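The structure appears right after this line, and notes come after that.
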Amino acid sequence: MATGSPGTLVRDLQGALGAAHVLHLPEDLIVYEYDATIERALPDVVVFPATTAEVAACVRIALDHDVPVVPRGSGTGLSGGAVPVRGGVLVVLTRMNRILEVDATDRVAVVQPGVINLALQEAAAPLGLTYAPDPSSQRVCTIGGNIANNSGGPHTLAHGSTVNHVLALEVVLPDARVVRLGSRVPDAPGVDLRGLLVGSEGTLGIVTEATLRLVRQQPAVRTLLAIFESVEDASNAVSETIRRGVIPVAMEMLDQEIIRIVEPRIRAGYPMDAGAALLIEVEGVAEGVALDAAVVEAACHAAGAREVRSAEEASERERLWEGRKAAIGAIGAAAPAFYLLDGVVPRTKLPEVMAQVMELSRAAGFRCANVFHAGDGNLHPNIMFDPAEPRATERVLELGEAIMRVCVDAGGAITGEHGVGLEKRSYMEWVFTPADLAAQHAVRDAFGSTDRFNPCKVLPGGHGCASGHMKEISPHLVEGAYV
Amino acid sequence: MTAGPDRPDATAGLAALRRTLPADTERAAHAYAIEDLEPRIAFAPDDRAEVAVLLRTAAEHALTVVPQASRTALALGAPLEAYDVALDLRGLHRTMEYVPDDLTVTVEAGKPLRDLQQELAEHGQYLSVDPPPDDQVSVGGLLATARGGAWRGHLPSARDLVLGIEVAQPSGALVKSGGRVVKNVTGYDLHRLHTGALGAFGVILDATFKVAPLPVATRTLAAAATSISEAASVARRAWDASLSTRAITILAPEPAGHVGLPSAPTVLVELAGSEAAVDRSTRDLAAFASWSDGPAQGWAYLRRLHGDQAGTVLRIGAPPSSIATMLEAARAAGALAWGHLAAGCVIAYADGMEAHAITALRQAAERARGYLQVEAAPVPIRRQVAPGGPGDPALVAALRDQFDPSRILNRGRWPEEGRP
Ligand SMILES: Cc1cc2nc3c(=O)[nH]c(=O)nc-3n(C[C@H](O)[C@H](O)[C@H](O)COP(=O)(O)OP(=O)(O)OC[C@H]3O[C@@H](n4cnc5c(N)ncnc54)[C@H](O)[C@@H]3O)c2cc1C
């Protein structure tokens, strides 16, 4: 440490926040050594600021002591983004959990970063509004984490990812300066630093307040469940639907493996003998919804659907969704461990890519359950394994890497919504040239964040960072999360 | 004014450009004048490597470059401070990849939006943007200016639709970000940084967009009101009814007259979707106002006026709750004014407006938690009134130090404190 000892770091932080909001004893720190993935690393100190000024004070103190700063929300991230690989000060934003404003006239919400995604949806609902980004972890994840990861969800297909719903941000920069970016009015003119900050995985600044766009709930919604003999047929139904000019708000795939895991536990009504199912939702004015639903139905049949069910009643729709949402949790109960992957391909490539994913898993000797955002081409293979078996973890990681290769070779990318974090830094070179990566490093340099602000994340290389390959995975599901 | 008396000697730089670029890419410089400046040299390369070489050579010789294509938005930003090289990008006009079933298209920056829309329409698709002044805007210009029209707020804007880009940096590096998939969080979104930056960080060479199915049916309806505030509340009800709307615009009496309607405060609505959805929406609208078929060409008229570089055009950001107030204020300042409710945006058009009047409108907009961007105005006015904030100036400068350290691109468009 350049200046001061760990003792003075803790003392300075305690001076800024009060001793109650600074953890530094080993037994207290251990809870914060991981997120929902993988590699573990202990922070030197964990702080719980309550205001923007306190966040800035923490960043300033870390700067003075020359130690890293790592922001953290609920720790549900799936790429290791909140893991303090090089120690330092872990800034946990969960105390900043107030919804400051929900304005139905301007359709805007102003929130602190620690607000839970679902809490915002619940606050907006009585006004006939909703916050559209709905990651499956929405019962526990924070808006700050969503912004940092540009998180998606089942409804991203029509509504876009988090970035499309963030109007303005208040950010504490790596030099402890506080800035406001964007505007309460959408699409503000000028250099879009807001758009750059969203998805920067806590490497360019700490979000301390967000102004978000709310959308009006649609007058009519219909949920369809289409049953297919195979994932390939279901994938073709996605393209067939879009070819017919309809973009549903959600098109979620469940393969046979996942249906057999979920159905006995949740009783969502998925046929146990289905090869695959698509959960599809359309919304809008009633007449339009009826028409769109008819187009979807016809497209599914054309692609070989054995049956298409339609649910309009809220209770029926919820039951269908319950299975989807509980799917990943159910895998956790069905296997000693699993590795949840996130890749993205052009949706027309889904049939061939899924065939390769299944073939690779079979060849490697692992069961693989798939539940994913088919409409966006966003895959989530879940590789189930027993870490007690020899070399299992290593082999799972190899398989994961091979699957990422398949995505990249199909013209896709290495992450659709979970982020690069620590997990996929070394794959960045598969998609970007050295010049592309140099430009991204230049952004980091411009923000003055290179070595100190959430170090060893997103970009390959970096002072004092490991190669970037995961050594260990311990899929650790957050209590209360449903997926 | 061409070469001013104190314009430094650029002979070596011009010779170097002529050496490095194919002779048949050089154009007559006088055809590229911008306001009172004429470049020393002009090139129209048709290959991205040539763009990179041009930038690197210009940077080496400290020559300033102004990238351009359709020349529809050259009055945006503060007036240029220097202009040595015109970089005409119209030669980059290929469609590189279009997969209708993926709803994605990758096109070069110099392609006019009109040509892109034609190709997409053959497959029943379109890019859901309506920038000023019309579809002659180039794809690169669409992104660099990030301007939109009446659809914004109802449909995703250019900023939301861009999935990835390739740019040429002043260093000569070709740099990609994003990709060709519709959902992607791989690396920093440099494409968002370039969108709306007026070329501050690089020259956009190509872009991949998310496209959408063309609506089967569209219909324009108009309802007159007795006051702007009454029109605003009709517009509000239309918005809250969650109909298949693609535009809800409030017109002050003057622009209503210009589009062939009676000169009264008017709500102009465009419905778009399936026949059934448009019919249902038409019926629902009738529940709270009396509508007549509106002039469909009214939209094109408003776009053209918004994009008129000869006049004074202000884009005033105002949250939906203060649209009517800002519309009144713009009208009181002597402008033709109309407001897009969902986008929270009032467009004010005038033959001319004093700097103090613009500043007063800006203060009013900022009090309403909005902003004001000067989209066109005579040079002297744009020297007095800042064009509109570039975000956090210190961060923007730090980013420019990384990407364009000698400020060869569009020098002056974003005035920087403490820099000549
Ligand atoms: C069961 C389960 C289901 C999931 N489903 C989805 C899904 O459907 N879609 C999806 O996209 N993701 C999903 N995720 C991933 C995860 O929930 C999201 O990435 C979420 O946005 C992370 O939020 P968090 O508060 O837990 O952030 P954390 O995990 O604490 O942090 C994530 C990243 O954000 C940074 N960060 C956190 N707060 C801030 C802040 N205020 N300012 C700056 N940076 C900050 C951290 O440094 C880190 O890089 C799922 C995860 C689980 C465990």
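Data overview
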read-out: Any hit, the range A:429-441, residues being more than 12 Å from A:Gly343 (Cα to Cα), touching a residue at least 40 places away in the same chain (Cβ under 8 Å), within 14 Å of chain B (Cβ to nearest Cβ) and within 16 Å of the ligand (Cβ to nearest atom); value: no
read-out: Options A:Glu312, A:Glu283, A:Glu252, A:Glu307; residue that is under 26 Å from A:Arg216 (Cα atoms) and open to solvent by 60 Å² or more (accessible area, probe 1.4 Å); value: A:Glu312
read-out: From A:Val59, A:Val69, residue being in contact (Cβ under 8 Å) with a residue 40 or more places away in the chain, more than 8 Å from the ligand (Cβ to nearest atom) and more than 24 Å from the chain's Cα centre (by Cα); value: A:Val59
read-out: Complete set of residues in the range A:136-165 that are within 11 Å of chain B (Cβ to nearest Cβ), within 12 Å of the ligand (Cβ to nearest atom) and out of contact with any Asp or Glu (no Cβ under 8 Å at 6 or more places or on another chain); value: A:Thr162
read-out: Residues satisfying the stated conditions in the range B:226-235, i.e. surrounded by fewer than 20 Cβ atoms within 10 Å (Cβ to Cβ) and either within 23 Å of A:Val215 (Cβ to Cβ) or not polar (S, T, N, Q) (or both); value: B:Glu230, B:Ser233
read-out: Single residue of A:Ile38, A:Ile61 found to be at pLDDT below 95, farther than 22 Å from A:Val166 by Cα and among the hydrophobic types (A, V, I, L, M, F, W, C); value: A:Ile38
read-out: Helices (runs of 4 or more DSSP H) fully within the range B:171-286 counting 3 or more residues that are under 29 Å from B:Ala78 (Cα atoms), touching a Cys at 6+ places or on another chain (Cβ under 6 Å) and in the same structural domain as B:Pro131 (by TED's automatic domain parsing); value: none
read-out: Within the range B:355-368, considering residues that are under 22 Å from the mean Cα position of the chain (by Cα) and buried (at least 18 other Cβ atoms within 10 Å of the Cβ), the one nearest to the other protein chains (Cβ to nearest Cβ); value: B:Ala365
read-out: Boolean, B:Gly172 is within 16 Å of the chain's Cα centre (by Cα), in contact (Cβ under 8 Å) with a residue 24 or more places away in the chain and open to solvent by 10 Å² or more (accessible area, probe 1.4 Å); value: no
read-out: Residue list for the range A:200-216, filter: within 10 Å of the ligand (Cβ to nearest atom) and either at pLDDT below 95 or not in a strand (DSSP E or B) (or both); value: A:Ser200, A:Glu201, A:Gly202, A:Thr203, A:Leu204, A:Gly205
read-out: Tally, over the range B:277-315, of residues that are away from chain A (no Cβ under 14 Å), surrounded by 14 or more Cβ atoms within 10 Å (Cβ to Cβ) and polar (S, T, N, Q); value: 2
read-out: Flag for B:Thr226 being more than 14 Å from chain A (Cβ to nearest Cβ) and at pLDDT 95 or above; value: yes
read-out: Matching residues in the range A:155-198 - criterion: being out of contact with any Lys or Arg (no Cβ under 7 Å at 6 or more places or on another chain), in a loop (DSSP other than H, G, I, E, B) and farther than 20 Å from B:Ala200 by Cβ; value: A:His155, A:Gly160, A:Asp175, A:Arg177, A:Val185
read-out: Count - residues of the range A:13-28 that are assigned to a helix (DSSP H, G or I) and without any contact (Cβ under 8 Å) to a residue 60 or more places away in the chain; value: 9
read-out: Any hit, the range B:77-95, residues being within 15 Å of the chain's Cα centre (by Cα), more than 14 Å from chain A (Cβ to nearest Cβ), open to solvent by 10 Å² or more (accessible area, probe 1.4 Å) and within 30 Å of B:Val182 (Cα to Cα); value: no
read-out: Hits in the range A:338-375 - residues which are within 14 Å of chain B (Cβ to nearest Cβ), charged (D, E, K, R) and away from the ligand (no atom under 16 Å from the Cβ); value: A:Arg347, A:Lys349, A:Glu352
read-out: Residue that is farthest from the other protein chains (Cβ to nearest Cβ) [pool: residues in the range B:375-407 that are surrounded by fewer than 17 Cβ atoms within 10 Å (Cβ to Cβ) and under 22 Å from B:Ala350 (Cβ atoms)]; value: B:Pro380
read-out: 3 or more residues closer than 23 Å to A:Gly411 by Cβ: qualifying strands (runs of 3 or more DSSP E) within the range B:77-129; value: B:95-99, B:104-108
read-out: Pairs with Cβ under 6 Å, 6+ apart, first in the range A:322-346 and in the same structural domain as A:Glu417 (by TED's automatic domain parsing), second crowded, with 20+ Cβ neighbours inside 10 Å and acidic (Asp, Glu); value: A:Pro346/B:Asp102
read-out: Pair list, Cβ < 7 Å and 6+ apart or interchain, from the range A:116-136 residues that are among the hydroxyl-bearing types (Ser, Thr, Tyr) to residues that are open to solvent by 20 Å² or more (accessible area, probe 1.4 Å) and within 16 Å of the ligand (Cβ to nearest atom); value: A:Thr130/A:Gln121; A:Tyr131/A:Gln121; A:Ser136/A:Lys325; A:Ser136/A:Tyr482; A:Ser136/A:Val483
read-out: Residue match in the range A:456-467 (condition: within 10 Å of the ligand (Cβ to nearest atom), at positive phi, at pLDDT 90 or above and at the interface with chain B (Cβ under 10 Å from one of its Cβ atoms)); value: yes
read-out: Residues of the range A:122-135 that turn out to be touching a strand residue (DSSP E or B) at 6+ places or on another chain (Cβ under 7 Å) and near the ligand (Cβ under 8 Å from one of its atoms), as a count; value: 0
read-out: The one condition in (1) assigned to a helix (DSSP H, G or I); (2) surrounded by fewer than 24 Cβ atoms within 10 Å (Cβ to Cβ) that A:Cys407 fails to fulfil; value: (2)
read-out: A:Val483 vs. criteria outside any helix (DSSP H, G or I) and either modelled with pLDDT of 90 or more or within 15 Å of the ligand (Cβ to nearest atom) (or both); value: yes
read-out: Subset of the range B:261-276 (residues that are away from chain A (no Cβ under 14 Å), under 26 Å from the mean Cα position of the chain (by Cα) and either more than 22 Å from B:Pro215 (Cα to Cα) or open to solvent by 10 Å² or more (accessible area, probe 1.4 Å) (or both)); value: B:Thr266, B:Glu270
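Let's see how each residue does on (1) within 7 Å of chain A (Cβ to nearest Cβ); (2) more than 21 Å from B:Gly412 (Cα to Cα):
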| position | (1), (2) |
| --- | --- |
| B:Arg159 | yes, yes |
| B:Gly179 | yes, yes |
| B:Ala200 | yes, no |
| B:Val203 | no, no |
| B:Val211 | no, yes |
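The values are calculated or read from the model by the stated rules, or taken from the named source; none is laboratory data. Predicted, not measured: the structure shown is a model, and the values here were computed from it. In this analysis, Cβ positions are derived from the backbone assuming ideal geometry, glycine residues included, and neighbour counts consider all displayed protein chains. For the accessible areas, the whole protein counts, side chains as well, though only heavy atoms, and no ligand, DNA or RNA atoms are used. Shrake-Rupley method; radii C 1.70, N 1.55, O 1.52, S 1.80 Å.
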